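Peer 1: Can you read through this structure? Questions will come right after.
The values are calculated or read from the model by the stated rules, or taken from the named source; none is laboratory data. Remember, it's a predicted structure, so these values are computed and weren't measured experimentally. All Cβ positions, even for glycine, are placed from backbone atoms using ideal geometry, and neighbour counts span all protein chains on display. Surface areas here come from the heavy atoms of the whole protein model, side chains and all, with no ligands, DNA or RNA. Shrake-Rupley method; radii C 1.70, N 1.55, O 1.52, S 1.80 Å.
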Amino acid sequence: MDWYREPWSLVPNKIVRYPGGREIDRFRGIEPPKDDGRPEAWVGSDTRVRNVTPQNPNEGCAECILPDGSRRYLFEVVAQAPREILGEKHMAVSGEKLGVLVKLLDAQKQLGLQTHPTRAYAKEHFGSAFGKEESWYVIGVRQDAEEPPYVLMGFKEGITLKDFEKGYDADDIASMEACCHKIPVQVGDLFFIEAGLPHAIGGGCFVVEVQEPCDITVGAGKPHHLQLTEQEEEEYKWRQLHCYHYNGHNYEENLRCYQVTPRVLREGAWGQERLMIGPQQTSYFSFTSLKANAPVTLRQTGDIQIGIVLSGEAELRWEGGSKKIQQADELFFPYQVKEITLVPQQETELVLCSPPGVDYPQQEG
């Protein structure tokens, strides 16, 4: 039972996807850092990539190192003792699934314009219980990017389905992108991407992405990679274009809707914890940023948490044990973890990510 009362280290991974990955290496202290086509790290994940292969049927799923030193997939450990690890409250909401997906994402080049489905749309058209609301916390930018880092996010005011469809029919992705706002970004920026919102992460952005546990992406282009009949192409087009929500805004209103100002959750001489994404944005996940330069007890949520050390070096201490942590360490906290004190050796920042159902007060003491 002691296993469930202390945090577990997670094994770093990288997922094959698109150009990028160098900034993940740099963040982890790997030399030389390189763009190797593995631009995403799925942290504390029990979610598989959408198109798994027989060679790697668990791609996307994270491994953990248990207190006895053994290394296993996190989902395997949870399946053996779900109540002890997740708790009854969690299971009432998310069953034996973790209910949240956390990523490190490093885009060398702009990702394709896309959106994600709501839960209702995902269930009807993709057979998924989860949609894909997500959020981005910018933790780094490339100094050698082709242009200053940016994101595409949200339709411009007045854009309609017909406007977007013209670009689709002409196979003109550039004109579809021109329907969206282009927003320069810097380290510390925070965005919430609701389901149906058009978006693309621009080249040079390194982000923590916290989202629903789903790998469904709806692109903007025609399905040249598929062999479809004329009728299948029409069905594909309808499903793609109707996944987008055509509720555009002017530039300033778009930022008010989707760029998030974190809320101070608690602070003191030790430092500050901010609620980055919470119930005001979505009921599907949440996360905080904890910055500390002196000892502080981690806030107990009553649920599991997935953590990433963004900077610094510290020690986690609890009754009967301790663990040294440093930048890029990834952690899983079973729900039974109680009094844990963070003791920084230098200013340390952690992001602590939670599944649905966690409550946050206006401000703690």
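Peer 1: With the crude spin-label approximation of a point 7 Å out along Cα→Cβ, what separation in nm comes out for LYS156 versus THR261?
Peer 2: 2.8
Peer 1: Follow-up question, since we're still on this one. How much accessible area per residue does the chain have, in Å², with a 1.4 Å probe?
Peer 2: Ligands and nucleic acids excluded, the figure is 44 Å² per residue.
Peer 1: OK, next. Sticking to Cα atoms, compute the Rg of segment 158-285 to one decimal and its Dmax as the biggest Cα-Cα distance, whole number, in Å.
Peer 2: Computed over the Cα atoms of segment 158-285, radius of gyration and Dmax are 18.0, 65 Å.
Peer 1: With a cut-off of at most 13 other beta carbons within 10 Å, and DSSP calling the residue loop, which trypsin sites (Lys or Arg not before Pro) in segment 151-247 qualify? Please list them.
Peer 2: For trypsin sites (Lys or Arg not before Pro) across segment 151-247 that sit outside H, G, I, E and B with at most 13 neighbouring Cβ atoms in 10 Å, the list is empty.
Peer 1: A further question follows. Just add up the charged neighbours of GLY167: K/R +1, D/E -1, any other residue whose Cβ is under 11 Å from the Cβ of GLY167.
Peer 2: -3
Peer 1: Turning to a different aspect of this structure: Longest exposed-loop-site-free stretch of the chain, with GluC sites (Glu not before Pro), DSSP loop and at most 14 other Cβ within 10 Å?
Peer 2: Maximal segment without exposed cleavage sites: 158-318.
Peer 1: Could I ask something else about it? Taking the alpha-carbon distance from LYS323 and a cut-off under 12 Å, which aspartates and glutamates remain once sequence neighbours fewer than 8 residues away in the same chain are dropped?
Peer 2: Of all the aspartates and glutamates, those that pass the test against LYS323 - Cα under 12 Å, at least 8 places apart if same chain - are GLU6, GLU313, GLU315.
Peer 1: Name the residue farthest towards the positive end of the dipole of the chain from the options VAL77, VAL207, PRO295, assuming +1 on Cβ of Lys and Arg, -1 on Cβ of Asp and Glu, about the Cα centre.
Peer 2: The residue sitting farthest along the positive end of the dipole is PRO295.
Peer 1: With a bin width of 20 angstrom, please list the P(r) values of the chain as percents of all Cα-Cα pairs, from the 0 bin to the one holding the largest distance.
Peer 2: 28, 59, 13, 0
Peer 1: Let me ask you something else. What is the gain in length, in nm to one decimal, between ARG72 and ALA92 on full extension, counting 0.36 nm per residue of separation less the C-alpha to C-alpha distance?
Peer 2: Fully extending the segment from ARG72 to ALA92 adds 4.7 nm.
Peer 1: Could you order MET176, MET91 so the one with the most accessible surface comes first? Probe is 1.4 Å.
Peer 2: Most to least solvent-accessible, the answer reads MET91, MET176.
Peer 1: What do you get for Rg/Rh over segment 92-185 if you use C-alpha atoms and the Kirkwood form of Rh?
Peer 2: Ratio value, two decimals: 1.03.
Peer 1: Follow-up. What value, in deg cm²/dmol to 500, does the helix sum -39500 (n - 2.57) over DSSP H runs of n ≥ 4 give at 222 nm once divided by the residues of the chain?
Peer 2: Computed mean residue ellipticity for the chain: -4500 deg cm²/dmol.
Peer 1: Quote the accessible area belonging to LYS291 in square angstrom, nearest 10, computed with a 1.4 Å probe and with ligands, DNA and RNA left uncounted.
Peer 2: 90
Peer 1: Report the local net charge at PHE75: Lys and Arg +1, Asp and Glu -1, summed over other residues whose C-beta lies under 12 Å from its C-beta.
Peer 2: Its environment carries a net charge of -1.
Peer 1: Please calculate the 1.4 Å probe accessible area of HIS249, with all protein chains present, and give it to the nearest 10 Å².
Peer 2: Answer for HIS249: close to 40 Å² accessible.
Peer 1: Further, regarding this structure: On a full-extension model of 0.36 nm per residue, what is the gain between VAL187 and ASP171, subtracting their alpha-carbon distance, rounded to one decimal in nm?
Peer 2: Answer, rounded to one decimal: 2.4 nm.
Peer 1: Here is a follow-up. Would you mind computing, in nm to one decimal, how far apart the modelled labels at TRP3 and GLN345 are, each placed 7 Å from Cα along Cα→Cβ?
Peer 2: In this crude label model, TRP3 to GLN345 measures out at 2.9 nm.
Peer 1: To continue, here is another question. Could you sort TYR284, TYR244 by their accessible area in this structure, using a 1.4 Å probe and putting the largest first?
Peer 2: Heavy-atom accessible area, descending, gives TYR284, TYR244.
Peer 1: Using the Kirkwood radius built from alpha carbon pairs, what does the Stokes-Einstein equation give as D for segment 296-365 at 4 °C and 1.567 mPa s, in µm² per second?
Peer 2: The calculation lands on 102 µm²/s.
Peer 1: Roll a 1.4 angstrom probe over the protein heavy atoms and tell me the percent of accessible area of the chain that is carbon or sulfur.
Peer 2: Of all accessible area on the chain, carbon and sulfur atoms account for 46 percent.
Peer 1: Assign unit charges at the C-beta atoms only (+1 for Lys and Arg, -1 for Asp and Glu), then state the dipole size of segment 74-151 relative to its Cα centre in Debye, rounded to the nearest 20.
Peer 2: 240
Peer 1: Here is a follow-up. For segment 7-142, state the average projected area of the convex hull of the C-alpha atoms over all orientations, rounded to one decimal in nm².
Peer 2: Orientation-averaged projected area of the Cα hull: 10.3 nm².
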